[in-house]
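The values are calculated or read from the model by the stated rules, or taken from the named source; none is laboratory data. Here the structure is a predicted model, which means the values were calculated and not measured. Here the Cβ is made from the backbone with ideal geometry for all residues, glycine too, and neighbour counts use every protein chain on show. Note: accessible area is taken over every heavy atom of the protein model, side chains too, but ligands, DNA and RNA are not part of it. Shrake-Rupley method; radii C 1.70, N 1.55, O 1.52, S 1.80 Å.
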Amino acid sequence: MIWKIVLFLLIAFVSIAGITFPIVAKPEHWYEFPLIMGLGENAKIIFFHVPTAWLTVIAFFMSTVYSIKYLRKKDLVDDIKAHTSAQLGMVFCILATITGAVWAKFAWGSYWSWDPRQTSIFALLLIYGALFALRSAVEVEEKRAALSAVYSIIAFITVPFFIFIMPRIMRGLHPGSADDTNAGTVVNFQMNGNMLLIFFLSLIGFTILYYWMWYVGYKSMLYKEKLNKQYH
Amino acid sequence: MSAYALFKKDLASELRTRYAINSLVMFIVVTISVILFSIGNEKISDFLSGGLFWVVIFFSAMSGLSRAFVSEEERGTTLTLQLIASPTTIFSGKLLFNLILVFAMNIVVALLYSALFDAFVIKNLSLFLYAFILGNVGIAIASTLIASIIAKASSKGTLYPVLSFPILLPLMLTLIDLTKQAMDTTTFSSSYVELAILGCYDVVMIAASFMLFDFIWKD
């Protein structure tokens, strides 16, 4: 219970602060954000866009961890945990794609321009889609669990190519691309203390939210299975 | 039973029916002619023809390479294979067969393509050759593993490109990029990173395939 209250306060604070704190050229008060050249007011979406993209990868990672666990122990509970995580990952992947497209419209002028990171989030969408297609094609539970576990492991080892290698060697619009001259890594660019604080609070808040959703998700799926077995 | 014996058995049964070879050749012809029809008398840019080259290869690979495992399921010989050989041997044999098939197919595609498309001119032939070889190896490994998944999931044909595309995407993007570079410059110095990515992809995929194939193969 205490966690839910903490989470509520955290997300509420991040949402309110992220949207309402003013952006000024020279921040003097604790509640003012600095002006980032080329972004202006639309820099605020970073508090929602980056956490969704982060959770897309985290959810996929968790799904792979439980897939490996399934292949080692052959326990169907692990398969359900992996599947729930993949479902949540799909939701966050769609959210990251949409918030990213909206941000791109206002920052770069078009919704979609095949920047390397846009390509990689699209590839993640395809991977999740393929995973669900595979799951729906197999009837037998054990077989379905084993095949989708293998596929999600194989897919996960291609993710470093998308997330870490391609965006850094290819020309692109995101910070950290190969032809980027004014910024270093993704996070450090010209944020000041309070902006970084809210950014990381948002990351933490969304991660707890993911964990909670995942817990409720796999518990409910387990109960559903149990009820199905009782009445059939 | 050795991997080479399995390869010889596959080759013999393939030469008897010529199912995969026929469908591959026809698929290459169909894909290239569809592209030629849609281009018509237009003049396409060099880079576009370089990208379309890999489109032809991807879809041709998707039409024929799943045979390796699907044919065993169809004939009902999977259990026999499970009894007489270890999973590693079976995967090596099937991989060898698919490697030969991919190389033969892609050499045909490359020859046909460069004969039919005026815009497709490679300036740096050795760079293209390195990319071609590393890329073919990657395509063969990934598609063999996905073929084994497909053979176990009862829906045979339709899922294959759906499952393969995301896995092959990093390879394809790098290959398209390298083809552009091979058409553009004659120097090597700017392409080492891309070649390294192809090499990494091949090594990572082959390691993962041999580790994971046991779990697919054993019911």
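Which one of these does residue A:60 not meet: (1) aromatic (Phe, Trp, Tyr); (2) more than 14 Å from chain B (Cβ to nearest Cβ); (3) surrounded by 17 or more Cβ atoms within 10 Å (Cβ to Cβ)?
Evaluating residue A:60 over (1) aromatic (Phe, Trp, Tyr); (2) more than 14 Å from chain B (Cβ to nearest Cβ); (3) surrounded by 17 or more Cβ atoms within 10 Å (Cβ to Cβ) leaves (2) as the failure.
Where in the stretch B:125-219 are there helices (runs of 4 or more DSSP H), lying fully within it, with 3 or more residues that are buried (at least 21 other Cβ atoms within 10 Å of the Cβ) and away from chain A (no Cβ under 11 Å)? Outline the logic, then answer.
Numbers: elements: B:125-152, B:159-184, B:192-217.
Here the list reads B:125-152, B:159-184.
Which one is nearest to residue A:67 (Cα to Cα), of the residues in the stretch A:128-142 that are at pLDDT below 90 and facing another protein chain (nearest Cβ under 7 Å)?
That would be A:138.
Restricting attention to the stretch B:10-46, and to residues there that are more than 18 Å from the chain's Cα centre (by Cα) and touching a residue at least 24 places away in the same chain (Cβ under 8 Å), which single residue is nearest to residue B:120 (Cα to Cα)?
B:46
What single numbered condition from (1) within 12 Å of chain A (Cβ to nearest Cβ); (2) touching a helix residue (DSSP H, G or I) at 6+ places or on another chain (Cβ under 6 Å); (3) open to solvent by less than 70 Å² (accessible area, probe 1.4 Å) fails to hold for residue B:109?
(1)
Please go through (1) modelled with pLDDT under 90; (2) within 19 Å of the chain's Cα centre (by Cα); (3) under 22 Å from residue A:228 (Cα atoms) for residue A:160 and return the number of the only condition it doesn't satisfy.
(3)
Which ones in the stretch B:45-70 are surrounded by 19 or more Cβ atoms within 10 Å (Cβ to Cβ) and of a type in the set (Ser, Thr, Tyr)?
B:49, B:60, B:63, B:66
Name the single residue that is nearest to residue B:215 (Cα to Cα) among those in the stretch A:136-151 being of a type outside the set (D, E, K, R) and surrounded by fewer than 15 Cβ atoms within 10 Å (Cβ to Cβ). If you could, list the steps in order and put the result at the bottom.
Step one: list which residues in the stretch A:136-151 are of a type outside the set (D, E, K, R), which gives A:136-138, A:140, A:145-151.
Right, trim to surrounded by fewer than 15 Cβ atoms within 10 Å (Cβ to Cβ) and you get A:136, A:140.
Numbers: A:136: 19, A:140: 15 Å.
Among those that are of a type outside the set (D, E, K, R) and surrounded by fewer than 15 Cβ atoms within 10 Å (Cβ to Cβ), it is A:140.
Select from the stretch A:97-135 the residues that are among the β-branched types (Val, Ile, Thr) and under 21 Å from residue A:87 (Cα atoms) and write down the one among them that is surrounded by the most Cβ atoms within 10 Å (Cβ to Cβ).
Going residue by residue through the stretch A:97-135, those that are among the β-branched types (Val, Ile, Thr) are A:97-99, A:102, A:119, A:121, A:127.
The next check asks that each one be under 21 Å from residue A:87 (Cα atoms); those that pass are A:97-99, A:119, A:121, A:127.
Values: A:97: 20, A:98: 13, A:99: 18, A:119: 18, A:121: 23, A:127: 27.
My answer is A:127.
Which condition from (1) at pLDDT 85 or above; (2) in contact with a Gly (Cβ under 9 Å, 6 or more places away or on another chain); (3) small (Gly, Ala, Ser) is the one that residue B:119 breaks?
Residue B:119 satisfies all of (1) at pLDDT 85 or above; (2) in contact with a Gly (Cβ under 9 Å, 6 or more places away or on another chain); (3) small (Gly, Ala, Ser) except (1).
For the stretch B:1-39, how many residues are aromatic (Phe, Trp, Tyr) and buried (at least 16 other Cβ atoms within 10 Å of the Cβ)? Working first, answer last.
Taking the stretch B:1-39 as the starting set, the residues that turn out to be aromatic (Phe, Trp, Tyr) are B:4, B:7, B:19, B:27, B:37.
If we keep only those that are buried (at least 16 other Cβ atoms within 10 Å of the Cβ) as well, we get B:7, B:27.
Qualifying residue count for the region: 2.
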